[in-house]
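The values are calculated or read from the model by the stated rules, or taken from the named source; none is laboratory data. This is a predicted model, so every value here is computed, not measured. Using ideal geometry, Cβ is built from the backbone for each residue, glycine included, and neighbour counts are taken over all protein chains shown.
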Amino acid sequence: MAVNSTEIHESGPEKPGTCLDSDCHPNASCSEFGGYGQCTCKRGFTGDGMSCNDIDDCQIFYPNNCNNYGPCVNTIGSYTCRCEYGFVFKERFGCVDIDECADSSLNDCDPVAVCGNGFYGFYTCTCPYGYYGDGRHCEVDECQQGTPCSSDEDCIKYIGSYSCVDPCYNHTVLNDPWRSTFKTYYYYYNLHNQYHCDTRLSGWYRFKGKFDQKIPEYCVPRYSCGTSTPIWMNGFHPTAGDGIVNRTACSNSYYDCCTQPFNISVKMCPEGFYVYKLQNTLGCDYAFCTGKQ
């Protein structure tokens with residue numbers, strides 16, 4: 001009786017060693033090469049494919065990329081990051097900064113405020129020009145919206161309202177001998193001292209010594225006035241009838257006599273002295289000068 005070769009071929013056994021009959025570990029994958037299966041441990045595991053053990057990803061730099069913004073927590077075959085406030089964990093990227101400004105539900109800025117996404121998981125809220133507040137609360141600033149006070153008064157804004165103040169009777173007296181243009185200061189010869197600075201000034205001030213003093217109207221040499229970068233006023237002092245006027249304050253640095261200029265206000269009072277509306281300086285080697293005392 002003849003034998004059907006086709007039937008013998010179809011009923012023959014499968015080739016041994018294929019992925020169909022492999023003994024790969026559950027955490028391994030099988031690939032066929034030349035009809036034979038090869039077991040390889042999946043990412044996050046190590047072994048020969050027949051046996052696969054979890055890798056502690058937190059013990060190696062890669063793929064652990066929590067970026068120092070949260071502790072690494074090992075999981076079976078992977079890891080996660082317990083991210084700090086302001087960060088979120090994303091696979092393959094680790095702890096990623098949250099842009100709180102991209103969604104108003106993620107920040108507590110006032111609706112009119114400008115939100116600024118910062119580094120290290122923080123953000124800022126700033127009231128725009130014409131508004132007053134800390135960014136979380138902004139209200140119309142009457143002092144910036146118009147001229148509610150006379151030319152002799154300064155407009156002071158506070159939460160809920162404003163007031164008009166005459167700086168001739170509302171100011172702080174500064175009586176510092178070191179401010180004199182004759183007080184030359186060289187740090188090299190004063191190693192145990194630091195330069196004087198005006199980083200905490202904010203408001204109206206009157207300079208006094210033996211007599212009332214003025215900020216010089218000329219470029220003061222460096223290392224004068226007890227500091228390395230003295231500040232002078234670029235412009236003339238007003239008369240009593242001028243009221244409050246704006247002037248430019250200049251600092252004499254390495255580059256020229258008027259680097260990083262900024263605005264100040266000046267008023268001559270009926271008694272003949274001057275008051276100045278000043279602001280914080282850029283650093284601790286900047287200070288306002290006065291004439292000799």
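Tell me, which strands (runs of 3 or more DSSP E) wholly within region 196-293 include 3 or more residues that are aromatic (Phe, Trp, Tyr), under 21 Å from Asp176 (Cα atoms) and in contact with a strand residue (DSSP E or B) (Cβ under 6 Å, 6 or more places away or on another chain)? Show your work before the answer.
Numbers: elements: 203-207, 229-234, 245-251, 259-268, 274-278, 286-288.
Hits in region 196-293: 203-207.
Find all pairs meeting these conditions: Cβ atoms under 6 angstrom apart; at least six residues apart or on different chains; first residue within region 205-219 and assigned by TED's automatic domain parsing to the domain that holds Arg247 and touching a residue at least 24 places away in the same chain (Cβ under 8 Å); second residue surrounded by 15 or more Cβ atoms within 10 Å (Cβ to Cβ) and polar (S, T, N, Q).
Cβ pairs passing all conditions: Phe207/Gln213; Phe207/Thr290; Gly209/Gln293; Lys210/Gln293; Gln213/Thr290; Cys219/Asn252.
Can you find even one residue in region 185-195 that is assigned to a loop (DSSP other than H, G, I, E, B), surrounded by 14 or more Cβ atoms within 10 Å (Cβ to Cβ), in the same structural domain as Trp232 (by TED's automatic domain parsing) and under 31 Å from the mean Cα position of the chain (by Cα)? Before you say what the answer is, go through the steps one by one.
Of all residues in region 185-195, those assigned to a loop (DSSP other than H, G, I, E, B) come to 185-186, 190-195.
Restricting the remaining residues to those that are surrounded by 14 or more Cβ atoms within 10 Å (Cβ to Cβ) gives 185, 195.
Adding the requirement that they be in the same structural domain as Trp232 (by TED's automatic domain parsing) leaves 185, 195.
When the remaining residues are screened for being under 31 Å from the mean Cα position of the chain (by Cα), the result is 195.
Yes, region 185-195 contains a residue that is assigned to a loop (DSSP other than H, G, I, E, B), surrounded by 14 or more Cβ atoms within 10 Å (Cβ to Cβ), in the same structural domain as Trp232 (by TED's automatic domain parsing) and under 31 Å from the mean Cα position of the chain (by Cα).
With the checklist (1) assigned by TED's automatic domain parsing to the domain that holds Ser29; (2) surrounded by 13 or more Cβ atoms within 10 Å (Cβ to Cβ); (3) at negative phi in hand, flag the one item Gly49 doesn't pass.
Unmet for Gly49, out of (1) assigned by TED's automatic domain parsing to the domain that holds Ser29; (2) surrounded by 13 or more Cβ atoms within 10 Å (Cβ to Cβ); (3) at negative phi: (3).
Tell me yes or no: at least one residue of region 139-162 is modelled with pLDDT under 95, more than 20 Å from Gly243 (Cα to Cα), exposed (fewer than 12 other Cβ atoms within 10 Å of the Cβ) and more than 33 Å from the chain's Cα centre (by Cα).
no
Restricting to region 129-138, what's the tally of residues that are surrounded by 12 or more Cβ atoms within 10 Å (Cβ to Cβ) and either assigned to a helix (DSSP H, G or I) or at pLDDT below 95 (or both)?
Of all residues in region 129-138, those surrounded by 12 or more Cβ atoms within 10 Å (Cβ to Cβ) come to 130-138.
Checking which are either assigned to a helix (DSSP H, G or I) or at pLDDT below 95 (or both) leaves us with 130.
The number of residues fulfilling the criteria is 1.
Taking interchain pairs and intrachain pairs at least six residues apart, which have beta carbon atoms under 7 angstrom, with the first residue in region 252-268 and under 10 Å from Ile231 (Cα atoms) and the second of a type in the set (D, E, K, R) and not in a strand (DSSP E or B)?
Every condition considered, the pairs that remain are Asn252/Arg222.
Here's the yes/no breakdown for (1) loosely packed, with under 14 Cβ neighbours inside 10 Å; (2) at pLDDT 85 or above; (3) more than 30 Å from the chain's Cα centre (by Cα); (4) over 30 Å from Val114 (Cα atoms):
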{"residue": "Asn53", "(1), (2), (3), (4)": "yes, yes, yes, yes"}
{"residue": "Asn65", "(1), (2), (3), (4)": "no, no, no, yes"}
{"residue": "Gly94", "(1), (2), (3), (4)": "no, no, no, no"}
{"residue": "Ile98", "(1), (2), (3), (4)": "no, yes, no, no"}
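Restricted to region 163-184, and to residues that are assigned to a strand (DSSP E or B) and either closer than 29 Å to Cys219 by Cα or not β-branched (Val, Ile, Thr) (or both), which residue is modelled with the lowest pLDDT? Spell out how you get there, then give the answer.
Pass one, region 163-184, residues assigned to a strand (DSSP E or B): 163-165, 172-174, 180.
Imposing the further condition that a residue be either closer than 29 Å to Cys219 by Cα or not β-branched (Val, Ile, Thr) (or both) reduces the set to 163-164, 172-174, 180.
On the way: Ser163: 96, Cys164: 96, Thr172: 96, Val173: 96, Leu174: 95, Ser180: 89.
Out of the qualifying residues, it is Ser180.
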